[in-house]
Amino acid sequence: MEDLIMTALEEYISTKILKQPGRKIGTDEALISSGMIDSFSLVDLALFVEDKFNVRIDDAELNAQTFNNLNELAALIESRQKK
Amino acid sequence: MTTLSERLYAIQTRSPEQVAIYLQDARRPDLAITYHQLIRGGYAFSRTYLRERIMPGEVIILILQHGDDLIYSFWGAVLIGAIPSIMPFLTEKLSPEKYRSDLAALISITKPAAIVTYPEFETEIQLALKPGDSVRKVIVTNNREPESEPDLTLLAGLVRAPEDIALLQHSSGTTGLQKGVALSHRAIFNQLNAASVALALTPEDVTVSWLPLYHDMGLIAGFLMPLLSGNTLVLNSPFDWVRAPHRLLQAVSQYKGTLTWLPNFAYNFCAQKIRERHLEGVDLSSWRAVINCSEPVHWESHHAFYERFKAYGLKLEALQASYAMAENVFGVTQSDLSRPPRVEEIDREVFMTHRIACPPLDGHKVLKVMSSGRPLLNTHIRILDEFNKDVPNGKVGEIVLQSDCMLTGYYNRPDATEKALFDGWFLTGDYGYVSNGEVFVSGRKKDMIIVGGRNVYPQDLESLSYEVPGVHAGRSVAFGLFNPEAGTEDVVLIAEVNSEDEVEQQQIADKIREHVTRNSAVALRYVKVVDPKWILKTSSGKTARAANKEKFLKELENQ
């Protein structure tokens, strides 16, 4: 399940945010603290996650402490889906 | 003629209990600061500065996050006649080393007597200091004097002359931090008076802002204008807004906000990214002017914003435009608040090839451009060609201005000041034309990129890319590319590398992205690694940014 989530996230980030379709993103590669995802794109990512996986992400959670890589974001999504 | 301290003191004497600022923070309830409290909070810093023997006319750099400490330390400096200057705070994304070197550059030119910061950030500041620096003291916020009723005899800010420098205003980046715009009390009040007329400002106006205070639009329109006019300001932080843009609309609704300034991209950002669930019960009917300013204005952005929020009481004529710059304190032009800004339909081809705005010829494509309004009453505009001769209406040239609210100079930079002026006129570096007395801004003479209202110098980004192994000095180019969906420019950086190995090229591209972002806080949208000789140079060996941009666009189209 987490693999499917991560594939979808990777595709969204590489295509829509980085504009490099097909670019691979390591599951533990830093997304926010590295500057790969800037603050303007964070809301886009949250909107994508909410629509795609039907979970809520609070705006206070949009920071590197809550999730900074695909692993952490996928885990966050899965934990919300189980509720 | 008055000064900042005298005006603030007069307002607090007249209406001490009126709320000056509702300070918003996503982590806690709104904090109401009255005018009386604003003086008390500021005075605690004033006494701290006096304790450290800071003299009138000396510069104090404020390195604090958006919040009450920043507000009080600013007014505390003003009240003793010192010159405050706000520097952006270090964010988690920015590298501390780069921040330190930027700060050192700022110190070497601005020569501040003190820096104010948090105790946990003091070590960071100390690392940027060198023996023999002008900085005599790093003041930490928890070591300030307690609040008390002000002793007016201690406040040298109340006896400043109108021509004394009131504050310094920097734009960001290495280049920007080395050019502090020095503004006098007289210039600031002349600007506020002219802007008040254009905006028909009344005591009942409520300004709602999330703009950073280190930026001219945030500092003047979103801070000093409401406070020095005795109005109420609702102040949110840029960090909270970018994660939750709906907070702006909720604040307007809750506090019956009337005035807001936004960079163009924010109209798109709000229109695209706000959830229906965050708009329940929101009423925007009090909003009488939402003013588009600090980056090129686009009617499409107004249209998208209006369509998205008209069901919540937003009035069409509330969407307005202005052209502004720190060197004129803030506003240069303002659109007429009684109707939406004029949108001209001009001939696209004639405009692109001859730089003349005229009605469309038969069969030609139409370009719709939005006016930024008329010059403020105290500001005169001319449009000059490359020989500094006035051009006729409709013809594009460089916008130059003269007013009674111009900068005193770039602080400690007579060289830069002299370069920016021609015969008493300030050369804005922006291109535009005048039609029916209204100014249409069409581009820039300098290669500066504007991302989300923030000025970015391409040479700063290029220099950073040279620090990445595999990239050689003089072999990268950065430029902005307008993104209609975002309503602002995307930053593109192209670098030549010797490696033809795709994996290695990708690694270098990643490193460039990370290094440039961490050292400039500018996100690169496109990073393109190319083979040697891709980048076009001028005959004198300089990087031709416009030509490279065209080449990049052609390749993008052919993909």
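Each reported figure results from applying straightforward, stated rules to the coordinates on display, with no laboratory input. Predicted model only: the values in this text are computed from it and were never measured. Glycine also receives a Cβ, built like all others from the backbone with ideal geometry; neighbour counts cover every protein chain displayed.
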Based on DSSP H runs of at least 4 residues, each adding -39500 (n - 2.57), what is the mean residue ellipticity at 222 nm of chain B after dividing by all its residues, to the nearest 500 deg cm²/dmol? -9500 deg cm²/dmol
With the 8 Å Cα cutoff and a minimum separation of six or more residues, segment B:36-179 has a relative contact order in percent of 32
Ranked on Cβ counts within 10 Å of their own Cβ, fewest leading, B:Thr538, B:Thr333, B:Thr428 go B:Thr538, B:Thr428, B:Thr333
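Suppose we keep just the DSSP beta bridges with both residues in the protein assembly as shown; what percent of those would be antiparallel, to 5?
Details: 53 of 84 bridges.
Restricted to the protein assembly as shown, the bridges split so that about 65 percent are antiparallel.
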Can you give me the Cα centroid spacing of segment B:75-114 and segment B:236-280 in angstrom? 29
Taking the Cα centroid of segment B:505-526 and of segment B:326-373, what is the distance between the two, rounded to the nearest whole Å? 35
So what J values fall out for segment B:267-275 if you push phi through Karplus, 6.51 cos²θ - 1.76 cosθ + 1.60 with θ = phi - 60°, rounded to Hz, Gly and Pro as x? 5, 5, 4, 5, 4, 8, 10, 9, 6
Exposure proxy ranking, count of Cβ atoms within 10 Å, fewest first, for B:Leu384, B:Leu219: B:Leu384, B:Leu219
So which of B:Lys111/B:Lys137; B:Lys111/B:Lys445; B:Lys389/B:Lys419; B:Lys93/B:Lys542; B:Lys98/B:Lys533; B:Lys98/B:Lys446 end up more than 20 Å apart by C-alpha? B:Lys111/B:Lys445; B:Lys93/B:Lys542; B:Lys98/B:Lys533; B:Lys98/B:Lys446
Scalar couplings 3J(HN,Hα) for segment B:471-485 by Karplus 6.51 cos²θ - 1.76 cosθ + 1.60 (θ = phi - 60°), nearest whole Hz, x for Gly and Pro, are 9, 9, 4, x, 10, 9, 9, 10, 7, x, 10, 5, 10, x, 5
Once all Cα-Cα distances of chain B are split into 10 Å bins that start at 0, what whole-number percent is in each one? 3, 17, 27, 28, 18, 6, 1, 0
What are the lysines whose alpha-carbon lies under 24 Å from the alpha-carbon of B:Lys315, with same-chain residues fewer than 8 places away excluded? B:Lys256, B:Lys273, B:Lys368
No solvent, one uniform scatterer per C-alpha: report log10 I(q)/I(0) for the protein assembly as shown via the Debye equation at q = 0.11, 0.12 1/Å, two decimals. -1.20, -1.44
Averaged over peptide B:85-92, how many Cβ atoms belonging to another chain are found within 10 Å of each residue's Cβ? 1
Please turn the phi angles of segment B:121-126 into ³J(HN,Hα) values with the Karplus equation 6.51 cos²θ - 1.76 cosθ + 1.60 (θ = phi - 60°), one per residue in order, whole Hz, x for glycine and proline. 9, 4, 4, 4, 5, 4
Dipole of segment B:36-179, positive end: most advanced residue of B:Thr117, B:Leu38, B:Gly132 [Cβ charges, Cα centre]: B:Gly132
If you bin the C-alpha pair distances of segment B:470-559 every 10 Å from 0, what whole percents do you get? 16, 48, 33, 4
Hey, got the average number of other protein chain Cβ atoms within 10 angstrom for residues in A:36-45? 6
Take the Cα coordinates of segment B:36-179, assign each an equal point scatterer, and use the Debye formula without solvent to give log10 I(q)/I(0) at q = 0.20 Å⁻¹. -1.23
Loop sites in segment B:92-183: trypsin sites (Lys or Arg not before Pro), DSSP, at most 16 other Cβ within 10 Å: B:Arg136
Suppose a student asked you for the relative contact order of chain B, using Cα pairs under 8 Å spaced at least 6 residues apart; what percent would you report? 11
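For segment B:449-558, what is the percent of antiparallel DSSP beta bridges, rounded to the nearest 5?
Just about 70 percent of them are antiparallel.
Can you give the relative contact order of segment A:2-82 as a percent, counting alpha carbon pairs under 8 Å and 6+ residues apart?
Taking the mean separation of contacting Cα pairs over the length of segment A:2-82, I get 35 percent.
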Computed helical MRE - 222 nm, chain A, DSSP H runs ≥ 4 contributing -39500 (n - 2.57), nearest 500: -15000 deg cm²/dmol
For a quick check of your reading of the filter: which chymotrypsin sites (Phe, Trp or Tyr not before Pro) in segment B:319-424 sit in a DSSP loop and have no more than 10 other Cβ atoms within 10 Å? B:Phe387
